[in-house]
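S.K.: I'd like to ask some things about the structure below.
What follows is calculated from the coordinates using simple rules that are stated; it is not laboratory data. Everything quoted here is computed from the prediction, not taken from an experiment. Heads up, the Cβs are rebuilt from the backbone with ideal geometry, glycines too, and the neighbour counts pull from every protein chain shown.
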Amino acid sequence: MNSSRSSGHQDLLNTVAEAARLHAHRPAVIDRAGTTTYAHLMIRARQWSEDFRARGVRPGDLVALLLPPGRDAIAAALAAFMTGAAYAPIDPAQPARRIGRMLQGCRPALCLSVAGADVDGRPTVAPEQLAGGWAKDTTTPLDLTDLPDVPTRPADVAYVIHTSGSTGNPKGVQVEHHGVLELIDDFADRAPVPEVHRGAAWSSPDFDASIWEVWPVLTHGGTVVVVPEEDRLDAADYLGFLDRHAIHTAYIPPSFLPDLRARTAADPAFCRELTRLMVGVEPIPLGLLQDLMRHRSGLTVVNAYGTAETTVICAVFTVPRTGGDPLARTPIGTAVRGSRLAVIDESGALSADGHGELVAIGGCVARGYLGASGEAAARFFTWPDGERAYRTGDLVSTLPDGNIVFGGRADRQLKVRGYRIEPGEVEAAVHAVVDVQEVVVGARDLPGHGPAVVAYLRPRPGEGLDERAARARLRQRLPAYAVPAAFVLVEVVPLTKNGKTDHAALAALPLPLSLPGASSGAGAGISPVGGSAAGALSLSGSVTGPSPLGAGATALDLVIDSWQAVLGAAPVSARDGFVDIGGTSLSAVRVATRLRELTGRRVSAADVLTTADAEGLAARIEEAPFTETQAVPAAPQGAVRGPLSPAQLAMWMHETVTDNPELYIENACFELRGSLDAGLLTAALEATFAAHPVFGSTVTADGSLPVQQLGVHRIAVRRVSAAEAGDTASAAEAFVLRESRTGIDLSGGPLTRCLLITVAEDHHILLFVWHHLVVDAVSFQVFLDDLHRRYADPAFLPEPSPVTACDLNARETAALDHPATRARAAEAVTRLKGVELLPLAGRRIVLDAADACGLPVEIAFGTALPAPTAVGRIGTTLPALLSAAFQRAVGETLGLQDFPLGLVTAGRTENHSSRATGCFVNTVLLRADGDPHTAPESAVLAAAEQLAQAVSEQDLPFSAVAAELLRDVNPRPRSFPEVCLSMSTAIRLELPGATCVRRRLRHPQPKFDLALIVEYAQGGLSGELHYRRQLIDDATAGRVVTAFAGQLAVLTAGVTAAEAEFVG
């Protein structure tokens, strides 16, 4: 093993030169240009240094390098050293204006760039314009006497690297030679590598990890292998690169580590040469790193911490193979060689308890910021013993063994409801209770919650998330305010170009459509029918789908159209750069996906991010190879044929007896305006239907019982032209209403139909019609979420649910005869003894059309009905408030004080996959209190307790409770339950590039005597009161609606007053 540098020199130039003298013909750099030996590299650097001098570069100057990683950038840095200058690496992919601000701040004597073009008005020189070419003869021994005689002192500046500034202007950090060499020596002793070794250069040039990737390798005679852009952004690509090139030493970003663990565990030969692994940037669980070492006996893992101001790394921790808490964050260790660490409190004094802000002292501390003054300069100061020091602004804790644990940036610390929360604590807790690959925690303002904790989870392949179980376990580890109020599943944790988690990109992702309460209050977590499925979350941010350009579109046309669509940008020109107009790593992935679909050629996110402008990307696409055939959705898992559930069987019987094919017809209609690719949407719809075969079901009689068969029909989208729908708005409206009410043949199917109606070029109507027996609203939202992703990314394949509707229905049917089910049903019935039934004689099973009626219910959030956030502030929940108001409205209008209330619930339990689609709704029977004179706070509290009861019983089949109840109550099988309440979150469709507005097509088909069906959306409540004229006339129904709104106001005022009195 090579544990020392080739010489005792105290500057980078002479140390590399000594390695070159010893290993002249050994490869120094491997990049796209091929293999460059040490002799080759040093000859080129010497020639360039002479050119630098001729262009006016003098000792103490700066040479700016706007070059990608590779031999040119390394040779240019060495050439700068040979002139006594320092170099300033700048990523050429950055926006030109930002580069201009960097150059203005560091005032380089010379600026090199790939093209040699002006950058923000400043002239640059291309490497090809410098004197000398890459030497062909590399066999002649290198004569060190040919190197320029430039005395370099350890305290001279080696490089200037830029960090973000609070004012928007990047700050140039001046790093000296001795600090880099101390770091190199520390790692050489701590984690030695073979004498002949290869190191991967993954980092972008202005990310200071690139310093660690290049100079430790070259000063020890190793080979720097540059990772090409196409292998940088994806974990599989980068890890495959490390394996193919037999890399010995590498930096791997935290988000790639779970993939490395999986690959090394599965394949003993994968990355077998990897000897030294440097990790850091973010907290990493200790167990993850120890797993890597168990899979590779010769691997040393070093967790490093530092900043640009502390010469890349100021603290290091060599990970032990055993011991410690595997779920705890890995310590950052102790100071690197030649430096010290101190922990200070808020007053600036040494912390008495080892908790506080970390200060780096000594050799690792940079000289300071170029030209800085004021607060920025003050972060550098002199320690009492005279050594240079730097306040990192990071919070740490000191362990009993002297190792330090990173606690997080002060500005990333979360504050929720007055409590301060460390994200790392929540991340460790989530890791402890949920088996996921990655967790990132942040804070966001959530509808109905206000500021709350959000956990972004990267699940293992094929696995989902049981939110209810996760929260229950987290409450055992965290205070209630620290339990995440929302879980957002992501396919990949987005990174900045420097390999750090892109928290801004995560914060821009759409939230779950249904946000269960993070507290344990009554009613929290209820998932009523129509709400979003737990775990059925959108996995990506809002994107824009393609629009047709015609067969004659060029590659440049497609690039410009894609950029404008995805970024929502103003008109794009051929010379615009993707990053310049607001592109990010996430949006680059979406652009690449869209371009692959449109062109059929291989386009990567790296292509989008690294190509200088739209014209260049178009040229790259034209030269790219064609992609492979697009994959098709995976086949469903589990049973595809089985008996109906008890609820489905009741629907089937009810429809059969009444001979009313419209009774259980459901619809969802969306008006789409804006840029929409109808062809792409049609393909996305049909692919998403295929991924959820329940939509293609039929129901056939198998002997005496009906059976559901999944996937019998392929659901095709019916495209309807404006002429076919009607040339006038009224005609089109009538067409949509007619289609929404057309019955469905249960036995023949299909039980789902979908129409895409073109009203105008930028105006479409999307209509879904299905039999309620097929899917409920929760399942339909799962479908809509998948449709959103498929339209945004045509390569997206919805993940199959591990269980099907047939599997779950069979379980529920089997549970009906179980003694435990009957016991639970009997217990539920005890609270319903003696309830009043609605006074109605001579009920008819077959209803006249005029007997089915409905009144709209529209209540905006305001004083009478607080928004969910405001409801939480007065100590209750919106469902509890609505339930109490409806019960009191029925009592006030119909004179009922004590009556059975059917509450519709999602019927989903821990046995249901969050991605299962089908009809799982259930009705829970509650004992309602219709007394309008009960104190408001008591009525709402009772309603909240009822909702909690409903949650606990939503897996208890209604038919089992009804059968038990009818043993002792005057049988009324045609009227149970007589009053019903359904509350849900409104279903929502998002299609990139289009505004999607839900249109409510009123089509009352009352299944009960009196039912309030409401959805809550962003602006308030919307729904209908369904009733039968056999029981209630139109005027009485109107009074129920009026009373409901009035009771909401009364309850809100009463609960608000009670809460204020309690708080006071």
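S.K.: Once you wrap a convex hull around the alpha carbon atoms of region 736-802, what is its projected area averaged over all directions, in nm²?
M.R.: One quarter of the hull surface, i.e. the mean projection, equals 6.3 nm².
S.K.: Set the Förster distance to 41 Å, then compute FRET efficiency between His654 and Ala553 from the Cβ-Cβ distance, nearest 0.05.
M.R.: It comes to 0.15.
S.K.: A follow-up question, please. Going by how many other beta carbons lie within 10 Å of each one, how would you line up Cys919, Cys996, fewest first?
M.R.: Cys996, Cys919
S.K.: If you stretched the chain out fully between Ala820 and Asp762, how much longer would it get, using 0.36 nm times the residue separation minus the C-alpha to C-alpha distance?
M.R.: Full-extension gain reported as 15.2 nm.
S.K.: Need one number: nm distance between label points at Arg294 and Ala349, each 7 Å from Cα along Cα→Cβ, rounded to one decimal.
M.R.: 4.6 nm
S.K.: Then there is this: Quick one: what Rg and Dmax do you get for region 641-807 from the alpha carbons, in Å?
M.R.: Spelled out, the Cα radius of gyration and Dmax of region 641-807 are 16.7, 51 Å.
S.K.: What nm distance separates the two modelled labels at Ala266 and Thr1036, each placed 7 Å from Cα along Cα→Cβ?
M.R.: Here the modelled spin labels are 6.6 nm apart.
S.K.: Take region 234-325, drop everything but the C-alpha atoms, weight them equally and run the Debye formula without solvent; then report log10 I(q)/I(0) at 0.14, 0.20, 0.23, 0.24 Å⁻¹ to two decimals.
M.R.: Computed log10 I(q)/I(0) values: -0.47, -0.95, -1.23, -1.32.
S.K.: A follow-up question, please. Can you run the Rg to Rh ratio on region 1-112? Use alpha carbon positions and the Kirkwood inverse-distance Rh.
M.R.: With Rg and the Kirkwood Rh in hand, the quotient comes to 1.00.
S.K.: Give the order of Arg468, Arg719, Arg296 when sorted by the count of other beta carbons within 10 angstrom, beginning with the fewest.
M.R.: On the way: Arg468 17, Arg719 14, Arg296 20.
Final ranking by Cβ density, sparse to dense: Arg719, Arg468, Arg296.
S.K.: State the extension gain, in nm to one decimal, for the chain segment bounded by Arg55 and Trp383, taking 0.36 nm per residue of separation less the distance between their alpha-carbons.
M.R.: Values: separation 328, 0.36 × 328 = 118.08 nm, distance 4.06 nm.
Fully extending the segment from Arg55 to Trp383 adds 114.0 nm.
S.K.: Let me ask something additional. Collect residues whose amide H, placed 1.01 Å from N in the peptide plane, falls under 5 Å from the amide H of Ala88; neighbours closer than 5 in sequence don't count.
M.R.: Here the answer is Val63, Ala64, Leu65, Val160, since their amide H atoms fall under 5 Å of that of Ala88.
S.K.: Quote the charge dipole size of region 641-807 about the Cα centre in Debye, to the nearest 20; the model charges only the Cβ of Lys and Arg (+1) and of Asp and Glu (-1).
M.R.: Charge dipole, region 641-807, about its Cα centre: 240 debye, nearest 20.
S.K.: Still on this structure, please answer the following. For the pair Gln129 and Ala729, how long in nm is the line joining their label points, each one 7 Å along Cα→Cβ?
M.R.: With each label point 7 Å from Cα toward Cβ, the separation is 6.2 nm.
S.K.: For region 651-727, report the translational diffusion coefficient in µm²/s to the nearest whole number, using Stokes-Einstein at 20 °C, 1.002 mPa s, and a Kirkwood Rh over Cα pairs.
M.R.: For these conditions, the coefficient is 137 µm²/s.
S.K.: Work out how far the C-alpha atoms of region 13-73 reach from end to end along every principal axis, then list the three figures in whole Å, largest first.
M.R.: The principal-axis extents, from largest down, are 33, 25, 16 Å.
S.K.: Would you list Met653, Met42, Met278 from fewest to most Cβ contacts within 10 Å?
M.R.: Ascending Cβ contact count within 10 Å gives the list Met653, Met278, Met42.
S.K.: Between Ala342 and Thr35, take the C-beta separation as r, use R0 = 41 Å, and let me know the FRET efficiency to the nearest 0.05.
M.R.: For Ala342 and Thr35, the calculated efficiency is 0.35.
S.K.: At a Förster radius of 60 Å, what calculated FRET efficiency corresponds to the Cβ-Cβ distance of Leu705 and Ala507, to the nearest 0.05? Mind showing how you got there, number by number?
M.R.: Values: r = 51 Å, r/R0 = 0.85.
So the FRET efficiency works out to roughly 0.70.
S.K.: Add +1 for every Lys or Arg and -1 for every Asp or Glu among the other residues with Cβ under 12 Å from the Cβ of Arg988, and state the total.
M.R.: On the way: positive: Arg998; negative: Asp785, Glu990, Glu1015.
My count for the surroundings of Arg988 gives -2.
S.K.: State the extension gain, in nm to one decimal, for the chain segment bounded by Asp401 and Asp931, taking 0.36 nm per residue of separation less the distance between their alpha-carbons. Show your work: numbers first, answer last.
M.R.: Numbers: separation 530, 0.36 × 530 = 190.80 nm, distance 6.61 nm.
Going from the current span to full extension adds 184.2 nm.
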